[in-house]
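Written below as structure tokens is the structure these notes are about.
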Amino acid sequence: MNDKATFSADFNVDESMVSEFARLSGDYNAMHVDPEIARKSKFRRTVVHGMIPYSFLQLLKREYPHQRLRFTDLSARFVSPVFAGDAIHLKIKHQSIDAKGEFDATWFEKGSDKVLIKSKGQFRLDELVELAESDEDTNPATFIQDDIEENLYTISELADKQASFGISISPESVTSYCRKILTAGLQDKSPVDDICNNLASVLNLSTMVGMRLPGRYAIFTRFAFNFSEDVVPAKKYQLEGAVSKVTVATESIEANVRLVSDNVAAEG
């Protein structure tokens, strides 16, 4: 890591960002949006979706302003919960050689050494493509393409459970995400105009965990996702999950997840 460049940014998270993330992703898990239920948890209050601060990984694009950045391998570990009103410091170490790069990122509680999220992965740099303007008020598009309900599985009910739902990363949903979450959260309010479609699709793992496998009683702790091909804008994909391991003693599960359309676009 000694030869890597370092990028840093500061941002805040708030309730409006939680509401927009829930609308776009369909992740209305009670731990994020229902104060009465959340007060009965060990956190005693609602928790911000971990994928909201994680999505600020897109800011790495600012280190490559004349190229198009596409994440190809992403893994993360959610170390500590994030709450509405928190200020966060993001630090990314990165390097690229011959249009391929790698990164190692850490999200800290701003002003302290408390680690919130750890992530590493790889990315590709392509020729920059101009983006079309989109009016977020004329098309309330979402990532989620199906109506889904929050499951209430207990640990003893999860063996061999499966779930799937449709997602699509449209230009309208990307525009809304960038304006209402990324730009809105940045302390300097500098505009973020795009989010990598691969990264945007990964955000829907939050929906799989928070709404389907296992649902209400979930705490998302880690993931790893590898892309064999880029997610195509506005194309419909199925995000499929299957429980592969249940550990009753620690009340934890592992699941295999893949993103499928004509081919398997990504899996983890």
>> What does the net charge come to around LYS100 if you take all other residues with beta carbon closer than 12 Å to its beta carbon, with K and R at +1 and D and E at -1?
In response: -2
>> Going by Cα centres, segment 84-133 and segment 12-72 are how many Å apart?
In response: 15
> Mean projection of the alpha-carbon convex hull of the chain over all orientations, in nm²?
Replying inline: 14.4
> Once both axes come from the Cα atoms, what is the angle between helix 15-25 and the longest principal axis of the chain, in degrees from 0 to 90, rounded to 10?
Replying inline: 80
> With the Cα gyration tensor of segment 70-194 giving a ≥ b ≥ c as the square roots of its eigenvalues, does the rule (a/c under 1.5 for rounded; else a/b larger than b/c for prolate; else oblate) give rounded, prolate or oblate?
Replying inline: rounded
> Give me the Kirkwood hydrodynamic radius of segment 1-83 in Å, from all C-alpha pairs, to one decimal place?
Replying inline: 15.0
>> Translational diffusion coefficient of segment 109-265 at 4 °C, 1.567 mPa s, Stokes-Einstein with Kirkwood Rh over Cα pairs, in µm²/s as a whole number.
In response: 74
> Under 30 Å Cα-Cα from LYS61, which lysines qualify once same-chain neighbours fewer than 8 residues away are excluded?
Replying inline: LYS4, LYS91, LYS93, LYS100, LYS110, LYS114, LYS118, LYS120, LYS180, LYS189, LYS235, LYS236
> Around PHE78, what is the net charge, scoring Lys/Arg as +1 and Asp/Glu as -1 over all other residues with Cβ under 11 Å from its Cβ?
Replying inline: +3
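Values quoted throughout were computed directly from the atomic coordinates according to the rules given, and no laboratory measurement underlies them. Because the structure is predicted, anything quoted here is derived from the model rather than measured. With ideal geometry, Cβ positions are generated from the backbone for all residues, glycine too; neighbour counts draw on all protein chains shown.
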